[in-house]
Amino acid sequence: MPDVNPAPTTAAAELDAIIVGAGFSGLYQLLCLRDRLGMKATVLEAGAGVGGTWYWNRYPGARCDSESHSYNYTFSKELFEAWEWSERYPQQPEILRYLNHVADRFDLRRDIRLNTAVVAARFDAATNRWLVTTAGGETLTAQFLITAVGCLSTANVPNIPGLEGFAGAWYHTGQWPHEGVDFAGKRVGLVGTGSTGIQAAPVIAETAAHLTVFQRTANYSVPAHNAPLSAEFKQWVKANHAEIRRVMQSTPNGHPFVIADRSVWDVTPAEREALYEAAWAKGGLQFRATFRDLLVDKAANDTAAEFLKAKIRQIVQDPATAAKLADIDHPYAAKRPPIDDDYFATFNRPNVTLVDVRAAPIQRISPAGIVTAAGEVPLDIIVFATGFDAMTGPLLRLGIEGEGGRKLADAWAAGPRNTLGVQVAGFPNLFTVTGPGSPSVLCNMPVAIEQHVEWITACIARMRAKGLTRVETTEAAMDAWVAQVNAAASATLLPQAQHSWYLGANVPGKPRVFMPYAGGMAHFRRICDEVAAKDYEGFAFSA
Ligand code: NAP
């Protein structure tokens, strides 16, 4: 796939819109503004290729947990029918091929500037334009600035003393070397047991001499049961574009499955067990769709949690290791629930050890390995699967300054505040695709992205039709939306996971605010449509 794009077709000075990021969001936003509204738009992308998350996250086992036929755009029936996924869950290289296919199919590359990181963006009130500075020192201006930087793109490497003196090699999964890493004959330490660590561990264990997994918070996981897709299924997908899209747009989490209408308490314990067994056998994220009340009723959730902990104890042969893995402190799915290919069984391998760093915390990294309160673990390679400065991190690192030079970092010092996840008062003509306050990470991402991009596009189209040049949400609308985001989170068990990145708890010093909108994607879509139907209530426009 080409990593070199043609020279941009639009001179920088004439831009209507600058889009930051060439992942799922940025590609579609470019298509909408350029091809549907006829605007002069450019994408600035830090990477040397398109793909966003899937350009950077190349770690062993990297795969999406959304089922492949749902992990794509649905705006184009022709595109949907033309692309064929090979497996139930798409692997990173295949997703990257898909996004490159999209870039080529819609001739997007000519308006994407690769290797162009944004380091500052300042709103100029005199001209109602954004001045965007790149790492190369160039300044571009545009009426609109649209961030399409993803929610999980700022790697969180823990600040552990001694890392710089480590004699071996270390990597963060979100910044994986393109040439890959050879684990053969190496003693590998894997820090982190979130979705990434749980995907990577079984693959690393296959070739490493020894793998030590450093677990701080034990985690649930449900088998993915990945497999090649049959010819019949591929045919069914092609024939059912409209129905698949309809289902995904009607569900709270944007997946192509419907959450069961029954309560945990509608069935007998034996029936419940049978339903959980069937969901376990089916595998994947839809385990949490077995009952409607798993995420709102702690006692209901406990039944799923106990089932999953019992599975860990059955799979893992060493009782002490099983006990550590099953010692989970939060409700099931209150943190993003991982799915796996043989994660727990990996601990039955003779070359895999679990170290509980909740009991014996990591103290430092020595030249020879990781030192915990229980002693030193000698290592050749450390893999940090330690997650991201999620949702706000990718936005704050852009150095955004709104009206009067107000920094976004200051506006969000106590946590993110915006309207519909999309606009911040004091930052006119700035739109944030899947910003905090949107369902984004609680949803199958392409579904959330299409909605956000289309809403932004419609808002800009309305401005152009009416000759308006400036849009800015109001403080009152922002207050109301923040209250709705908080209320939606409080109605669920999600805030009960104290170590969750949804709360910013994984980054030292980050304000503890529940960031995504937990009221469900379908409900969010209705709210956004109502706002638009009321002539963008909560947004002020001027010429
Ligand atoms: P994560 O969920 O934030 O997990 C990070 C892990 O690192 C946690 O186990 C965390 O422990 C641990 N950790 C962090 N700092 C540590 C430290 N200083 N010492 C010891 N342990 C430390 O990150 P992730 O696994 O990369 O996943 C992030 C999100 O990316 C997922 O939730 C998901 O939304 C997305 N993702 C999706 C897929 C997919 O679709 N297949 C795959 C991977 C990721 P604590 O829990 O104690 O903080």
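The values are calculated or read from the model by the stated rules, or taken from the named source; none is laboratory data. No experiment lies behind these values; they were computed from the predicted model shown. Note: ideal-geometry Cβ built from the backbone for every residue, glycine included; neighbour counts use all protein chains shown. Surface areas here come from the heavy atoms of the whole protein model, side chains and all, with no ligands, DNA or RNA. Shrake-Rupley method; radii C 1.70, N 1.55, O 1.52, S 1.80 Å.
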Only one of these conditions is not met by ALA505: (1) in contact (Cβ under 8 Å) with a residue 12 or more places away in the chain; (2) within 16 Å of the ligand (Cβ to nearest atom); (3) open to solvent by less than 50 Å² (accessible area, probe 1.4 Å); (4) of a type outside the set (Ser, Thr, Tyr). Which number is it? (1)
I want to confirm something. Restricting to segment 340-380 and keeping residues that are within 30 Å of ARG88 (Cβ to Cβ) and assigned to a strand (DSSP E or B), which single residue is nearest to the ligand (Cβ to nearest atom)? ASP340
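Every residue, every condition in (1) within 16 Å of the ligand (Cβ to nearest atom); (2) more than 20 Å from the chain's Cα centre (by Cα); (3) buried (at least 23 other Cβ atoms within 10 Å of the Cβ), yes or no:
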| residue | (1), (2), (3) |
| --- | --- |
| ALA448 | yes, no, yes |
| THR473 | no, yes, yes |
| ALA476 | no, yes, no |
| ASP479 | no, yes, no |
| VAL482 | no, yes, no |
| ALA488 | no, no, no |
| PRO516 | yes, no, yes |
| ALA522 | no, no, no |
| GLU530 | no, yes, no |
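If you take the residues of segment 280-318 that are part of a loop (DSSP other than H, G, I, E, B) and among the charged types (D, E, K, R), which of them is most open to solvent (accessible area, probe 1.4 Å)?
Restricting attention to segment 280-318, the residues satisfying the condition of being part of a loop (DSSP other than H, G, I, E, B) are 283-284, 290-297, 316-318.
If we keep only those that are among the charged types (D, E, K, R) too, we end up with 292-293, 297, 318.
Values: ARG292: 128, ASP293: 15, ASP297: 45, ASP318: 71 Å².
By that ranking, first place goes to ARG292.
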Only one of these conditions is not met by GLY192: (1) at negative phi; (2) within 16 Å of the ligand (Cβ to nearest atom). Which number is it? (1)
ASP340 passes all but one of (1) over 14 Å from ASN219 (Cβ atoms); (2) crowded, with 19+ Cβ neighbours inside 10 Å; which number fails? (1)
Given the structure, is ALA326 over 25 Å from the mean Cα position of the chain (by Cα), open to solvent by less than 60 Å² (accessible area, probe 1.4 Å) and without any contact (Cβ under 8 Å) to a residue 60 or more places away in the chain? no
Would you mind stating whether ALA390 is within 16 Å of the ligand (Cβ to nearest atom) and outside any helix (DSSP H, G or I)? yes
Residue in segment 127-141 that is within 25 Å of the chain's Cα centre (by Cα), touching a residue at least 60 places away in the same chain (Cβ under 8 Å) and part of a helix (DSSP H, G or I) present: no
Restricting to segment 195-220, name every residue that is polar (S, T, N, Q), away from the ligand (no atom under 11 Å from the Cβ) and touching a Phe, Trp or Tyr at 6+ places or on another chain (Cβ under 9 Å). THR207
Residue count, segment 393-419 (criterion: in contact (Cβ under 8 Å) with a residue 24 or more places away in the chain, open to solvent by less than 50 Å² (accessible area, probe 1.4 Å) and either in a helix (DSSP H, G or I) or within 14 Å of the ligand (Cβ to nearest atom) (or both)): 4
Considering only residues that are of a type outside the set (Gly, Ala, Ser) and open to solvent by 30 Å² or more (accessible area, probe 1.4 Å), look in segment 182-208 and name the one that is nearest to TRP501 (Cα to Cα). VAL203
